[in-house]
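Novice: Starting off with a structure, shown below.
The values are calculated or read from the model by the stated rules, or taken from the named source; none is laboratory data. This structure is a prediction, so every number in the text was calculated from the model and none was measured. Here Cβ is always computed from backbone atoms with ideal geometry, including for glycine, and neighbour counts include all displayed protein chains.
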Amino acid sequence: MQRYSNFIVLSLIAFFISIPTYAQLDLLDSEFMLEDLRKLSHDAAEGRKSGTKGAEAARRFIIKQMSDMRAKSLVKDYRHDFTFVNKGDTIEAFNIISYIKGKSDKAFLITAHYDHLGVINGEVYNGADDNASGVAAMLAMIEFFKANTPEHTMVFAALDGEEMGLQGAKAFLKDERIPQEAIVLNINMDMIGINDKNELYVAGTHHNPSLKPFLEELSFEPLQLKFGHDTPDLGSDDWTLQSDHGVFHKAGMPFLYFGVEDHQHYHKPTDDFENINQMFFVRSAHAILECILSLDANLN
Ligand SMILES: [Zn+2]
């Protein structure tokens with residue numbers, strides 16, 4: 001009898017060890033997310049350069065998705081308009097902002113820039129990874145939080161003018177219609193869809209160490225969530241000021257930035273949907289959502 005039960009216990013252990021502990025990948029609608037990524041990085045959006053027809057096309061698409069999901073608008077028709085000067089030209093730009101009310105008025109600000117480089121010498125720079133990937137993940141998260149009320153209010157901002165100097169983030173912070181004091185954390189996604197080592201970085205815990213335990217306890221096998229790229233020491237590539245989160249960081253807002261290391265398609269006309277690592281992208285978006293859920297449950 002004793003030997004028999006040992007056998008069962010050992011069999012059960014062997015059984016569980018042999019099952020890979022893959023992270024859950026059914027929280028977000030992956031098909032919907034990939035389709036949004038494909039559309040945002042289609043030639044029809046002409047590279048989404050700020051102030052162009054292509055950016056307006058992308059904007060209309062994002063606004064339609066937000067309104068179809070009945071996310072609330074924080075400013076009129078989701079359009080947060082602002083202007084900035086780039087190389088002597090005044091650019092009319094728009095952030096697209098919506099929110100989902102949580103149980104608390106304290107808010108997480110989830111950002112992803114939708115602008116990219118446009119058309120250069122007749123070549124369309126589609127910016128599939130940079131940053132249709134972040135925007136597509138953000139849209140899928142809106143659907144998730146619409147069905148699963150968060151603790152914190154979730155503000156979703158698709159930012160414009162990132163490629164021209166983080167302009168959308170700067171305009172967001174300056175706007176008095178936005179209740180800035182309610183925001184306790186910025187989560188920025190910028191390039192989360194191409195990596196051949198299954199590595200996604202989260203930068204920011206060097207500046208905000210209290211956030212780290214809520215991320216460290218999570219596992220996303222086979223995706224590796226790596227900490228780093230946020231220290232000023234020589235030799236390490238510091239991403240602290242490299243995307244929109246840098247503006248929020250300078251204003252004293254805690255941030256976490258999710259992204260991949262630079263790759264061969266970065267700021268190249270080959271940053272196309274065809275070069276997205278689809279499985280990696282789906283895993284990244286889910287890992288980021290799980291980080292947000294952990295922070296939502298644990299932060300005040
Ligand atoms: Zn970018």
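Novice: Go through (1) buried (at least 17 other Cβ atoms within 10 Å of the Cβ); (2) free of Cβ contacts under 8 Å to residues at least 60 places away in the same chain; (3) closer than 22 Å to G161 by Cβ for F248 and report which single condition fails.
Specialist: (2)
Here is a yes/no grid of residues against (1) closer than 24 Å to F255 by Cβ; (2) β-branched (V, I, T); (3) out of contact with any helix residue (DSSP H, G or I) (no Cβ under 8 Å at 6 or more places or on another chain); (4) more than 16 Å from the ligand (Cβ to nearest atom):
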position: Y78; (1), (2), (3), (4): yes, no, no, yes
position: V85; (1), (2), (3), (4): no, yes, yes, yes
position: T90; (1), (2), (3), (4): no, yes, yes, yes
position: N95; (1), (2), (3), (4): yes, no, no, no
position: I100; (1), (2), (3), (4): yes, yes, no, yes
position: K103; (1), (2), (3), (4): yes, no, yes, yes
position: K106; (1), (2), (3), (4): yes, no, no, yes
position: A112; (1), (2), (3), (4): yes, no, no, no
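Novice: Another question about this same structure. I'd like to check something: does the range 68-88 contain any residue that is in contact (Cβ under 8 Å) with a residue 12 or more places away in the chain, within 15 Å of V155 (Cα to Cα), among the small types (G, A, S) and outside any helix (DSSP H, G or I)?
Specialist: So far as the range 68-88 goes, yes, one or more of its residues are in contact (Cβ under 8 Å) with a residue 12 or more places away in the chain, within 15 Å of V155 (Cα to Cα), among the small types (G, A, S) and outside any helix (DSSP H, G or I).
Novice: Report whether or not Y114 is under 17 Å from the mean Cα position of the chain (by Cα), aromatic (F, W, Y) and either surrounded by fewer than 20 Cβ atoms within 10 Å (Cβ to Cβ) or modelled with pLDDT of 95 or more (or both).
Specialist: So Y114 fits the description; yes.
Novice: Give the residue, chosen from G161, G193, that is under 20 Å from L37 (Cα atoms), of a type outside the set (S, T, Y), within 16 Å of the ligand (Cβ to nearest atom) and in contact with a Gly (Cβ under 8 Å, 6 or more places away or on another chain).
Specialist: Of G161, G193, the one residue that is under 20 Å from L37 (Cα atoms), of a type outside the set (S, T, Y), within 16 Å of the ligand (Cβ to nearest atom) and in contact with a Gly (Cβ under 8 Å, 6 or more places away or on another chain) is G161.
Novice: Could you tell me whether the range 274-285 includes any residue that is at pLDDT 95 or above, crowded, with 16+ Cβ neighbours inside 10 Å and acidic (D, E)? Steps first, please.
Specialist: Pass one, the range 274-285, residues at pLDDT 95 or above: 274-285.
Adding the requirement that they be crowded, with 16+ Cβ neighbours inside 10 Å leaves 275-277, 280-285.
Then keep just the ones that are acidic (D, E); that gives none.
No, because not a single residue in the range 274-285 is at pLDDT 95 or above, crowded, with 16+ Cβ neighbours inside 10 Å and acidic (D, E).
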